[in-house]
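The values are calculated or read from the model by the stated rules, or taken from the named source; none is laboratory data. What you are looking at is a predicted structure, and each value in this text was computed from that prediction instead of being measured. Cβ sites come from the backbone with ideal geometry, for glycine too, and all protein chains shown count toward neighbours.
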Amino acid sequence: MSTDRPVPASPSEKKFQPYVPESMEMREFTWRAILLGLAMTIVLGAANAYLGLRAGITIAATYPAAVIAMAAMRAWKGSLLEENIARTAGSIGEGIAAGAIFTIPAFLIAKAWPSFRPGDAYWKSTALIMVGSILGVLFISLVRRVMVEAGQRQQVEPNRISFVDALRWLRHAEPGEELPRLKVNPAASTPS
């Protein structure tokens, strides 16, 4: 038997294919995307801080940030990559708020800080939050490509698949155009 024929690649060995090709010119890092993202960071972070302190739990800010970014960038004739930047920046506030509201009270309860006055703990906690945020950005910057490519090869969570499909579906409709019915796969929405 001859071994000269190429062996077909298995599904796990497929080359990563980005949604937006590298050769395509598309606006991404713009002032309007950054300012929208920062505004959503402040609002969604404050809402999550209040909810976390009041109820002891936070919610994912990614979904409201994505909907707001889609609506705003669609009205402003923005690109898909601008939406992504605004959504990503908008969802950061949740993580920072959660880190602050669950860590700072722990320091006070453990009596690591005698009070939360500016001289005792305020500036320390501000520095800790800033250092933690910067380290988080640096760490995720290093592993982002690996995580994206690994996510293409592995089973992805159903809500992420449906969210990406909804983004693609919404981007193809013109304003005022009647949207086609979104097909929902009930098997994908059940928890595994």
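Quick notes on this structure:
- Whichever residue in region 86-111 is of a type in the set (Val, Ile, Thr) and within 15 Å of residue 61 (Cβ to Cβ) and, among such residues, is surrounded by the fewest Cβ atoms within 10 Å (Cβ to Cβ): 88
- One residue alone among 12, 2 is more than 15 Å from the chain's Cα centre (by Cα), at pLDDT below 85 and in a helix (DSSP H, G or I), and that residue is 12.
- Per this entry, residue 82 is counted among residues that are touching a helix residue (DSSP H, G or I) at 6+ places or on another chain (Cβ under 8 Å), at pLDDT 90 or above, surrounded by 15 or more Cβ atoms within 10 Å (Cβ to Cβ) and not β-branched (Val, Ile, Thr).
- Residue selected from region 112-125 under the condition in a helix (DSSP H, G or I) and surrounded by 14 or more Cβ atoms within 10 Å (Cβ to Cβ), by the criterion farthest from the chain's Cα centre (by Cα): 121
- Residue satisfying condition, being in a helix (DSSP H, G or I), modelled with pLDDT of 85 or more, touching a Gly at 6+ places or on another chain (Cβ under 6 Å) and farther than 20 Å from residue 144 by Cα, within set 38, 44, 53: 44
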